[in-house]
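As structure tokens, the structure follows; a few thoughts come after it.
The values are calculated or read from the model by the stated rules, or taken from the named source; none is laboratory data. For clarity, every value in this text was computed on a predicted model and none was experimentally measured. Note that each Cβ is placed from the backbone with ideal geometry, even for glycine, and that neighbours are counted across all protein chains shown.
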Ligand SMILES: Cc1ncc(COP(=O)(O)O)c(C=O)c1O
């Protein structure tokens, strides 16, 4: 479980911090372990992820998966990001994840997808 | 009895976890079961199974007799009378029975309930509920920085308006053993009733409800080598409490135009068909504990706690919560290590076959008091060895290494 790639991302997280003037800012919690992830995203033309950063607290799986996710979604269209699944995250982590830690593994993806949903509802209203 | 003989009674201790021998240190969550208990339940289903207090046939008489014999054993185990022993589902249901059957009926606006910051949610939320429904005040006694109950604070909070004092005998996080006898004297001075949460005490040390001087005592079978699904509620004076779960078995008379007449205690509290096999299994559990002896169990755990505390304190970056004097604590050791998330710690220990509990252990008020989100907890029982404490220590050294602390 504590493979090198996980520890590498946990100890030196990529894209950590906060994007200035974000289009999307969203935070989620995992009450079971007290993990938290906040994502800030700047969009290009309201469609593509130009910049994404995260800050959070929690176990290595939750923080490493957030770090990995920010790497792969950069420059992607948000329609594509909406289609990412649990399997995509598990492929990134590349370690077996049991049912108890699944919430930790998926926290970052849930945060991003829910953040996009809220952004879309908000822009549609305008 | 030799520890090897005891370990031999527990079939699960032979299994491997992740290729390593199981080191089960999550006893405060639930304990393992000896074959004597498993066999008693199996034997009941194979030879005696019938509902109790209902049939006139042979099986029903045998099962009723075995069920009531378990009650007698449990009563004797804590120095109570059988009519003072109510079987519930667990400690949580036992405490709720008092909150609903006594608290909601007798506690009024302006009254006070006194508890402590180290309580399990099971001995905290029921009193918040009574507070909400009655308008009573809930007062919370603090702890010292060593994790001991601040007795002078508790004494100051106790007044003539205090209707009920509810305190755990042993903290499931700090391990602290609270001076329940002294607390009982404070309660008596104010004419308050006294409830003891014995979930972490009854499994590990001799309990005498008469000497303790409590009005209510709650504990769970599953934490003391017995089956899940059985809890105990001792009520000193059962007439003071109304039944909380009413239905089959709880009445003497039922009318369509006036109120029912309740059965005598304990039956008025045990609505519906109880977990008969579980109660019978719990009777076998009490026999098993008596055979070893509660004094001996306490002594074994004190030794192992002292040994484990000494070793754990030498680990780099470790913070241990609760009193450091093993005589003041049960065999529960909660800790954090090097700012590493407890889930990571527990997962690495699991890869070594070691079972510990990460999280808040249902003690959110205590977590806030300690200013932490979560911790890891190792808890020992009669079948744990010093060697297993050593395995825990090596596991934690590995955690430090993986996280480069
Ligand atoms: C001190 C304390 N009280 C109450 C409980 C609740 O026990 P149960 O889950 O058996 O109702 C526990 C168990 O975790 C406990 O440790």
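Which of the residues that make up segment B:162-177 are free of Cβ contacts under 8 Å to residues at least 60 places away in the same chain and within 11 Å of the ligand (Cβ to nearest atom)? Those that are free of Cβ contacts under 8 Å to residues at least 60 places away in the same chain and within 11 Å of the ligand (Cβ to nearest atom): B:167, B:168, B:169. Beta carbons closer than 7 Å, at least 6 apart along the sequence or on distinct chains, never pair a first residue in segment B:215-228 that is within 14 Å of another protein chain (Cβ to nearest Cβ) and over 16 Å from residue B:279 (Cβ atoms) with a second that is within 8 Å of the ligand (Cβ to nearest atom) and in a strand (DSSP E or B). Within segment B:210-225, the residues that satisfy the criterion of being touching a strand residue (DSSP E or B) at 6+ places or on another chain (Cβ under 8 Å), crowded, with 23+ Cβ neighbours inside 10 Å and not in a strand (DSSP E or B) are B:214, B:215, B:221.
For residue B:132, state whether it is more than 9 Å from the ligand (Cβ to nearest atom), part of a helix (DSSP H, G or I), over 16 Å from the mean Cα position of the chain (by Cα) and modelled with pLDDT of 95 or more.
Working: more than 9 Å from the ligand (Cβ to nearest atom): yes; part of a helix (DSSP H, G or I): yes; over 16 Å from the mean Cα position of the chain (by Cα): yes; modelled with pLDDT of 95 or more: yes.
Considered against the rule, which asks whether it is more than 9 Å from the ligand (Cβ to nearest atom), part of a helix (DSSP H, G or I), over 16 Å from the mean Cα position of the chain (by Cα) and modelled with pLDDT of 95 or more, residue B:132 comes out as yes.
It is to be established whether one or more residues within segment B:152-161 are crowded, with 17+ Cβ neighbours inside 10 Å, within 16 Å of the ligand (Cβ to nearest atom), within 22 Å of residue B:330 (Cβ to Cβ) and outside the structural domain of residue B:305 (by TED's automatic domain parsing). No, segment B:152-161 contains no residue that is crowded, with 17+ Cβ neighbours inside 10 Å, within 16 Å of the ligand (Cβ to nearest atom), within 22 Å of residue B:330 (Cβ to Cβ) and outside the structural domain of residue B:305 (by TED's automatic domain parsing).
Just so you know, in segment B:205-229 the residues that are closer than 13 Å to residue B:27 by Cα and under 10 Å from the mean Cα position of the chain (by Cα) include one that is farthest from the ligand (Cβ to nearest atom), and it is B:224.
For segment B:346-377, a residue qualifies if it is under 19 Å from the mean Cα position of the chain (by Cα), over 19 Å from residue B:23 (Cα atoms) and more than 12 Å from chain A (Cβ to nearest Cβ), and the qualifying residues are B:361, B:362, B:363, B:365, B:366.
Mind checking whether some residue in segment B:379-396 is within 11 Å of another protein chain (Cβ to nearest Cβ) and either closer than 21 Å to residue B:317 by Cβ or in contact with a helix residue (DSSP H, G or I) (Cβ under 9 Å, 6 or more places away or on another chain) (or both)?
So far as segment B:379-396 goes, no, none of its residues is within 11 Å of another protein chain (Cβ to nearest Cβ) and either closer than 21 Å to residue B:317 by Cβ or in contact with a helix residue (DSSP H, G or I) (Cβ under 9 Å, 6 or more places away or on another chain) (or both).
For segment B:119-128, indicate whether the set of residues that are in a strand (DSSP E or B), touching a residue at least 40 places away in the same chain (Cβ under 8 Å), surrounded by 22 or more Cβ atoms within 10 Å (Cβ to Cβ) and within 11 Å of the ligand (Cβ to nearest atom) is non-empty.
Kept after step one, since they are in a strand (DSSP E or B), are these residues of segment B:119-128: none.
No - not one qualifying residue is present in segment B:119-128.
Listed here are the residues, each with its yes/no results for (1) more than 19 Å from the chain's Cα centre (by Cα); (2) under 20 Å from residue B:91 (Cβ atoms); (3) outside any helix (DSSP H, G or I).
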{"site": "B:163", "(1), (2), (3)": "yes, no, yes"}
{"site": "B:174", "(1), (2), (3)": "no, yes, yes"}
{"site": "B:185", "(1), (2), (3)": "yes, no, no"}
{"site": "B:188", "(1), (2), (3)": "yes, no, no"}
{"site": "B:201", "(1), (2), (3)": "no, yes, yes"}
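Candidates B:140, B:183: the one that is surrounded by fewer than 22 Cβ atoms within 10 Å (Cβ to Cβ) and modelled with pLDDT of 95 or more is B:140.
Report yes if some residue within segment B:241-252 is touching a helix residue (DSSP H, G or I) at 6+ places or on another chain (Cβ under 7 Å), within 16 Å of the ligand (Cβ to nearest atom) and within 21 Å of residue B:88 (Cα to Cα); otherwise report no. Yes, segment B:241-252 contains at least one residue that is touching a helix residue (DSSP H, G or I) at 6+ places or on another chain (Cβ under 7 Å), within 16 Å of the ligand (Cβ to nearest atom) and within 21 Å of residue B:88 (Cα to Cα). Between B:233, B:193, the distinction of being assigned by TED's automatic domain parsing to the domain that holds residue B:141, more than 16 Å from the ligand (Cβ to nearest atom) and more than 28 Å from residue B:7 (Cβ to Cβ) belongs to B:193 only.
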